[in-house]
Amino acid sequence: MFATMEIVKAGNSDISAILSLSSQMGYSLSGQTGYENLQRILQHPDHEIYLAWADGELAGYIHVCKMLRVTSKPFLEIIGLVVDNKQRRQGIGKLLVEKCRTQLKVPTVRVRTNAKRQDAIAFYESLGFERAKDQMVMVLE
């Protein structure tokens, strides 16, 4: 358990820590490309990244995007939520989701997760998320 917890918006000085934490989830985007992507995200008005610092160490982050669609009300989409392996099941993910909802004042939050990630599905359901539909991701390169 942690003694102190602080949730703050990410800045350019946090990029290395975010990339390092992302590697725990198997995301290997690092080096110049990772830095450039994160710099663009941090400057984009519709994207936010919040960091959870526990006892002075990065314990987790959440990346959300404000989404506008022709066919629905505005919503937040969780693009990424990562909690350090050593800090899981201590409420950090929940605090990050709550921070986004209160700070950004968008009532609806959506998340996409791989159907194989039963732990992630259970986590989101424990926060009150409901399964809305199944989808297929298609890519054209």
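Readers should treat all values here as calculations from the given coordinates under stated rules, not as data from a laboratory. Keep in mind it's a predicted model, so treat the numbers as computed, not measured. In this analysis, Cβ positions are derived from the backbone assuming ideal geometry, glycine residues included, and neighbour counts consider all displayed protein chains.
List, in the order given, every pair from LYS9/LYS66; LYS9/LYS86; LYS66/LYS99; LYS9/LYS94; LYS73/LYS116 whose Cα-Cα distance in the structure shown is over 20 Å.
Beyond 20 Å: LYS9/LYS86; LYS73/LYS116.
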message: Taking R0 as 22 Å, what FRET efficiency do you get between LYS9 and ASP55 from their Cβ-Cβ distance, rounded to the nearest 0.05?
response: 0.65
Binned Cα-Cα distance frequencies in the chain - 5 Å width, integer %: 2, 9, 18, 22, 22, 17, 8, 2, 1, 0
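Which order do GLU57, GLU141, GLU48 fall in if you start with the one that has the fewest other Cβ atoms within 10 Å? Spell out each step's value before the answer.
Numbers: GLU57 13, GLU141 2, GLU48 21.
With the sparsest Cβ surroundings first, the list reads GLU141, GLU57, GLU48.
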- request: Using θ = phi - 60° and the Karplus relation 6.51 cos²θ - 1.76 cosθ + 1.60, list the HN-Hα couplings for segment 92-105 in order, rounded to whole Hz, with x at every Gly or Pro.
  value: 5, x, 4, 4, 5, 5, 4, 4, 5, 5, 6, 6, 9, 6
message: For ILE79, ILE62, which order do you get if you count the other beta carbons within 10 Å of each Cβ and list the fewest first?
response: ILE79, ILE62
- prompt: Dipole of the chain (Lys/Arg Cβ +1, Asp/Glu Cβ -1, origin at the Cα centre): which of LEU68, ILE7, GLY26 lies farthest to the positive side?
  reply: LEU68
query: Roughly how big is the chain's charge dipole about its Cα centre, with Cβ charges of +1 (Lys, Arg) and -1 (Asp, Glu), in debye to the nearest 20?
result: 500
query: Taking H as built 1.01 Å from N, whose amide H comes closer than 5 Å to the amide H of ALA59, not counting residues under 5 places away?
result: ALA52, TRP53, ALA54
task: Give me the net charge of ALA17's neighbourhood, meaning all other residues with Cβ under 11 Å from the Cβ of ALA17; Lys, Arg count +1, Asp, Glu -1.
output: -3
